[in-house]
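Q: My questions all concern the structure below.
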Amino acid sequence: MNAPTTDAKPWHKTACILCESNCGIEVRLGDDGKQFERIRGDKAHPGSQGYTCEKALRLDRYQNGTQRLTSPLRRTTEGTYEEISWETAISEITAKLSAVTSEFGGNAVAYYGGGGQGNHLGGGYSGATLRAIGTRYRASALSQEKTGEFWVNGKMLGGVVRGDFEHAEVSVFVGKNPWQSHGMPHARTVLKEIANDPARKMIVIDPRLSETAEMADIHLRLKPGTDAWCLTAIGAVIVQEKLQASAWLAEHANGVAAVESAFAAINIETYAAICDVDVSLIRDAARMIAAASSCSIAEDLGIQMGNHSTLCSYLEKLVWMLTGHFGREGTSYMPSSLVPIAGGGGAKGSGTPKLVTPVIGARIIGGLMPCNSIAEEILTDHPARFRAMLIESGNPAHSIADSNRMREALLALDLVVVIDIAMTETARLAHYVLPAPSQFEKWESTFFNFEFPNNVFHLRRPFIDPLPGTLAEPEIHARLVEAFGKLSEADVAPLAAAAELGRTAFADAFFAAVAAKPQLGGVAPVLLYRALGPSLDRQYGAGASSAALLWGAAHKCALQFPQSVARAGFTGEGLEPGEALFEAIMTSPSGVTFTIDEYDDSWRRVKTDDGKLNLEIPELLEMLTQLDVPPVIDTDFPMMLSAGERRSFTANTIIRDNSWRKKDPNGALRISPEDADRIGVPHGGMVKVTTRSGSVKVSVEITHMMRSGHISLPNGMGVGDSDDVAGVAPNELTDSFHRDPIALTPFHKQVAARVEAV
């Protein structure tokens with residue numbers, strides 16, 4: 001338990017789990033010790049400092065509104081599920097996985113997940129299980145959305161890049177509505193500060209009049225699906241009006257001439273007409289960006305899950321690179337990390353063989369295969385097809401494009417194992433379902449750590465007892481690794497004994513053991529959990545062993561970012577900084593600032609061959625030249641559907657209790673007044689929405705937020721228990737083949753649709 005206040009009931013420090021910001025919160029339990037009686041922001045949290053949006057106040061619906069699993073389940077031949085013991089579950093699962101790998105090899109097994117929103121610590125142990133199985137194929141929600149940007153970042157900089165909006169003179173949001181999606185600290189506070197400061201400006205590129213767009217100085221309200229033309233036109237204005245930071249580029253960038261040549265050939269007026277935006281607004285936006293002393297630009301799913309998504313990620317970065325907005329206050333930066341969420345995408349490794357999926361040869365970016373290739377890697381007679389899947393804290397039957405096809409693929413597998421807290425849509429298709437504690441019943445953390453200059457990591461302690469019959473994910477992975485024979489008591493015992501002497505003695509023993517038996521490095525997270533974990537339980541409390549992998553992460557961080565770690569107060573010789581950082585992580589219930597950066601640190605983190613920004617990506621410049629052909633409207637499906645809009649009462653699928661929605665309980669289809677009049681449907685009326693993948697009936701919300709020809713459905717709908725499902729699951733309407741040619745991310749934000757009144 002966390003320290004009590006003067007109130008009769010204590011406040012428990014934890015974090016919101018509904019978006020990547022993961023703001024620190026405090027929870028007070030009701031008299032039953034289970035209900036979340038009150039929730040408030042944690043002022044002691046070094047990142048959020050008491051800030052939270054209204055969504056966090058509804059977290060009781062996650063903890064207490066979901067029908068929970070309390071025993072491992074096995075599917076019977078009749079298709080029902082029966083409870084089995086953990087011993088039986090682990091034994092049978094490893095036997096069946098071993099049978100698959102013996103006949104078809106380890107790469108016949110695929111993995112999906114590794115941590116739902118805010119639920120990353122357990123997923124950190126999955127790598128040990130995958131290495132024990134012998135597979136390298138994994139996917140997650142990131143490869144449904146972000147890998148196109150990862151690939152671009154890797155080519156241009158060699159790592160993650162973010163924007164310093166808190167200090168930017170000009171802030172640009174492309175396909176992003178931070179009022180709802182957040183994605184930066186104190187999002188709503190920062191947006192209000194920008195809007196209320198006459199010296200600061202905001203530009204929004206979005207077909208919707210979103211909450212953020214309403215606050216903007218310039219809203220480029222483009223036609224849906226034309227972001228590439230709009231961004232290209234902005235880049236062309238910068239080049240053709242000679243607004244680029246030429247001297248800065250000469251010192252800091254390569255490939256400038258090729259990019260300038262491509263933009264010089266663009267007919268700006270034609271491109272403005274294609275995206276249906278006044279050309280003077282595009283010119284004003286480009287000039288504002290170029291003239292600013294500092295500018296930060298952020299993209300999000302509006303382009304990352306839309307037409308030309310990887311190209312748009314490239315164009316967005318060219319805009320701020322051409323104008324020199326990097327490595328200074330208020331511009332783009334490269335953050336430190338404690339646990340990286342994905343690789344850089346291959347900026348340097350030109351001589352390294354490309355990793356691809358086994359059947360269709362899709363790119364593996366940042367270690368992740370595309371979600372949209374999974375069904376194709378299963379529904380085939382190819383000898384290298386996937387035969388089994390391990391799915392952890394994910395719901396691909398609901399979340400991946402074309403749900404019907406994804407369900408068919410899962411049912412075609414020889415073995416599906418799901419680790420989750422509830423009987424999700426995916427779990428209902430599994431052969432085995434393994435129950436885990438909720439995020440508030442176990443030690444947990446999040447690896448979305450991108451703040452600058454002060455970067456924060458928050459290890460959250462449990463404040464509710466786990467349900468009997470559940471096991472935390474680190475324990476599940478440890479049992480699987482041991483059952484595969486990849487870790488023995490003989491490996492663990494001497495290290496556990498060393499841990500009892502202190503972590504300095506443990507470090508010596510651990511590194512010596514891995515050097516003497518290199519295969520232990522492949523299962524290092526589980527080795528740490530078994531060997532170091534028990535001492536952590538005794539020192540910090542039951543379940544602290546789940547944080548054992550953070551010991552290695554803290555030392556790696558101290559070695560990788562020594563100056564930044566030292567500025568945060570973790571100093572000394574040898575292993576002392578890493579050890580001090582780990583101790584702070586374990587003993588800081590509100591989180592800890594693990595690095596403090598300077599803006600020049602961004603330049604030291606650029607991982608291109610010569611340390612300069614790489615502007616030229618030939619593959620994408622070739623795509624740019626092909627934009628002369630405008631998009632064609634499908635006369636059979638003339639509307640453009642955005643499948644998965646973030647709204648006040650949506651939170652992906654993590655909250656499965658539909659009663660938490662006080663507004664828009666069924667996730668209405670948003671439509672413009674012009675389109676509603678044309679179709680002949682009133683506000684609240686019913687329509688039939690049809691795409692090439694499916695058809696649904698849904699009520700409508702008529703709103704000026706939508707421009708004519710554009711409709712949207714919210715994310716997070718269509719889930720729940722079998723007798724309580726509200727709204728439309730967006731992926732009943734999407735197509736896994738309607739996707740980006742490089743990253744294979746789906747075009748969820750531009751789905752051709754037809755709408756008819758019911």
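Q: Using beta carbons and a limit of 7 Å, which pairs, at least six apart or on different chains, have the first residue in the stretch 637-660 and part of a helix (DSSP H, G or I) and the second one surrounded by fewer than 22 Cβ atoms within 10 Å (Cβ to Cβ) and among the hydrophobic types (A, V, I, L, M, F, W, C)?
A: Close Cβ pairs (under 7 Å, with a partner that is surrounded by fewer than 22 Cβ atoms within 10 Å (Cβ to Cβ) and among the hydrophobic types (A, V, I, L, M, F, W, C)) amount to ASN658/ALA726.
Q: Which residue pairs have Cβ atoms under 8 Å apart, sit 6 or more places apart or on different chains, and have a first residue in the stretch 67-80 that is over 21 Å from VAL725 (Cβ atoms) and a second that is aliphatic (A, V, I, L, M) and outside any loop (DSSP other than H, G, I, E, B)?
A: Listed pairs, sorted by first residue: PRO72/ALA89; PRO72/VAL433; PRO72/LEU434; ARG74/ALA89.
Q: Do we find that LEU434 is in contact with a Lys or Arg (Cβ under 9 Å, 6 or more places away or on another chain) and touching a residue at least 12 places away in the same chain (Cβ under 8 Å) in this structure?
A: Answer is no for this residue.
Q: Report, by residue number, each residue of the stretch 695-707 that is out of contact with any His (no Cβ under 6 Å at 6 or more places or on another chain) and surrounded by 15 or more Cβ atoms within 10 Å (Cβ to Cβ).
A: Correct list: VAL696, VAL698, SER699, VAL700, GLU701, THR703, MET705, MET706, ARG707.
Q: Answer with yes or no whether ALA95 is more than 25 Å from LYS354 (Cβ to Cβ) and either at pLDDT 95 or above or open to solvent by 20 Å² or more (accessible area, probe 1.4 Å) (or both).
A: yes
Q: Quick one: in the stretch 380-428, which of the residues that are touching a Gly at 6+ places or on another chain (Cβ under 9 Å) and without any contact (Cβ under 8 Å) to a residue 60 or more places away in the chain is nearest to ASN715 (Cα to Cα)?
A: Per the criteria, the residue is THR426.
Q: Considering only the stretch 599-618, state which residues are closer than 12 Å to GLY158 by Cβ and part of a loop (DSSP other than H, G, I, E, B).
A: VAL606, LYS607, THR608, ASP609, ASP610, GLY611, LYS612
Q: Name the residue that is surrounded by the most Cβ atoms within 10 Å (Cβ to Cβ), counting only residues in the stretch 443-464 that are over 20 Å from the mean Cα position of the chain (by Cα) and under 17 Å from VAL565 (Cα atoms).
A: Filtering the stretch 443-464 for residues that are over 20 Å from the mean Cα position of the chain (by Cα) and under 17 Å from VAL565 (Cα atoms), the one surrounded by the most Cβ atoms within 10 Å (Cβ to Cβ) comes out as PRO453.
Q: Being more than 18 Å from the chain's Cα centre (by Cα), farther than 18 Å from SER143 by Cβ, at pLDDT below 95 and open to solvent by 10 Å² or more (accessible area, probe 1.4 Å) is the requirement here; does LYS348 meet it?
A: Taking the combined requirement at face value, the residue satisfies it.
Q: Would you please name the residue that is surrounded by the most Cβ atoms within 10 Å (Cβ to Cβ), looking only at residues in the stretch 177-209 that are free of Cβ contacts under 8 Å to residues at least 60 places away in the same chain, within 23 Å of VAL456 (Cα to Cα) and hydrophobic (A, V, I, L, M, F, W, C)?
A: LEU191
Q: Among the residues of the stretch 487-525 satisfying the criterion of being in contact with a helix residue (DSSP H, G or I) (Cβ under 8 Å, 6 or more places away or on another chain) and outside any helix (DSSP H, G or I), which is most open to solvent (accessible area, probe 1.4 Å)?
A: The selected residue is LYS517.
Q: Has the stretch 107-120 got at least one residue that is in contact with a Lys or Arg (Cβ under 9 Å, 6 or more places away or on another chain), open to solvent by 10 Å² or more (accessible area, probe 1.4 Å), part of a helix (DSSP H, G or I) and modelled with pLDDT of 95 or more?
A: Taking every residue of the stretch 107-120 in turn, at least one turns out to be in contact with a Lys or Arg (Cβ under 9 Å, 6 or more places away or on another chain), open to solvent by 10 Å² or more (accessible area, probe 1.4 Å), part of a helix (DSSP H, G or I) and modelled with pLDDT of 95 or more.
Q: What number of residues within the stretch 316-341 are at pLDDT below 90 and surrounded by 20 or more Cβ atoms within 10 Å (Cβ to Cβ)?
A: 1
Q: Shifting gears a bit: Just the residues that are in a helix (DSSP H, G or I), surrounded by fewer than 20 Cβ atoms within 10 Å (Cβ to Cβ) and not hydroxyl-bearing (Ser, Thr, Tyr), please, taken from the stretch 73-89.
A: Of everything in the stretch 73-89, those that are in a helix (DSSP H, G or I), surrounded by fewer than 20 Cβ atoms within 10 Å (Cβ to Cβ) and not hydroxyl-bearing (Ser, Thr, Tyr) turn out to be TRP86, GLU87.
Q: For the stretch 567-579, give me the residue count where each residue is aliphatic (A, V, I, L, M) and open to solvent by 40 Å² or more (accessible area, probe 1.4 Å).
A: The total comes to 1.
Q: Residue check, PRO631 against (1) in contact with a Ser or Thr (Cβ under 7 Å, 6 or more places away or on another chain); (2) assigned to a strand (DSSP E or B), all met but one. Which one?
A: Going through the list (1) in contact with a Ser or Thr (Cβ under 7 Å, 6 or more places away or on another chain); (2) assigned to a strand (DSSP E or B), PRO631 breaks only (2).
Q: Hey, among GLY255, GLY235, which residue is more than 24 Å from the chain's Cα centre (by Cα), of a type outside the set (A, V, I, L, M, F, W, C), modelled with pLDDT of 95 or more and open to solvent by less than 10 Å² (accessible area, probe 1.4 Å)?
A: GLY235
Q: Looking at ALA44, ALA56, can you tell me which residue is touching a Gly at 6+ places or on another chain (Cβ under 8 Å), in a helix (DSSP H, G or I) and surrounded by 14 or more Cβ atoms within 10 Å (Cβ to Cβ)?
A: ALA56
Q: What residue, among those in the stretch 708-743 that are open to solvent by 20 Å² or more (accessible area, probe 1.4 Å) and farther than 16 Å from ALA643 by Cα, is nearest to the chain's Cα centre (by Cα)?
A: Result: PRO741.
Q: What residue, of PHE484, PHE440, is open to solvent by less than 10 Å² (accessible area, probe 1.4 Å) and touching a Ser or Thr at 6+ places or on another chain (Cβ under 8 Å)?
A: PHE440
Q: If you scan the stretch 273-307, which residues turn out to be part of a helix (DSSP H, G or I), closer than 24 Å to GLN244 by Cα and of a type in the set (S, T, N, Q)?
A: Matches in the stretch 273-307: SER280 only.
Q: Say whether the condition of being modelled with pLDDT of 95 or more, among the hydroxyl-bearing types (Ser, Thr, Tyr) and open to solvent by 10 Å² or more (accessible area, probe 1.4 Å) is met by at least one residue in the stretch 602-621.
A: Yes, some residue in the stretch 602-621 is modelled with pLDDT of 95 or more, among the hydroxyl-bearing types (Ser, Thr, Tyr) and open to solvent by 10 Å² or more (accessible area, probe 1.4 Å).
Q: Right, next: Quick one: in the stretch 580-595, of everything that is open to solvent by 40 Å² or more (accessible area, probe 1.4 Å) and touching a residue at least 24 places away in the same chain (Cβ under 8 Å), which residue is farthest from the chain's Cα centre (by Cα)?
A: The residue in question is THR587.
Q: What number of residues within the stretch 622-663 satisfy the criterion of being open to solvent by 50 Å² or more (accessible area, probe 1.4 Å) and either under 16 Å from LYS55 (Cβ atoms) or aliphatic (A, V, I, L, M) (or both)?
A: Selection size over the stretch 622-663: 8.
The values are calculated or read from the model by the stated rules, or taken from the named source; none is laboratory data. Owing to the predicted nature of the structure, the values given are computational and were not obtained by experimental measurement. Note that each Cβ is placed from the backbone with ideal geometry, even for glycine, and that neighbours are counted across all protein chains shown. The accessibility values were calculated without ligands, DNA or RNA, using every heavy atom of the protein model including side chains. Shrake-Rupley method; radii C 1.70, N 1.55, O 1.52, S 1.80 Å.
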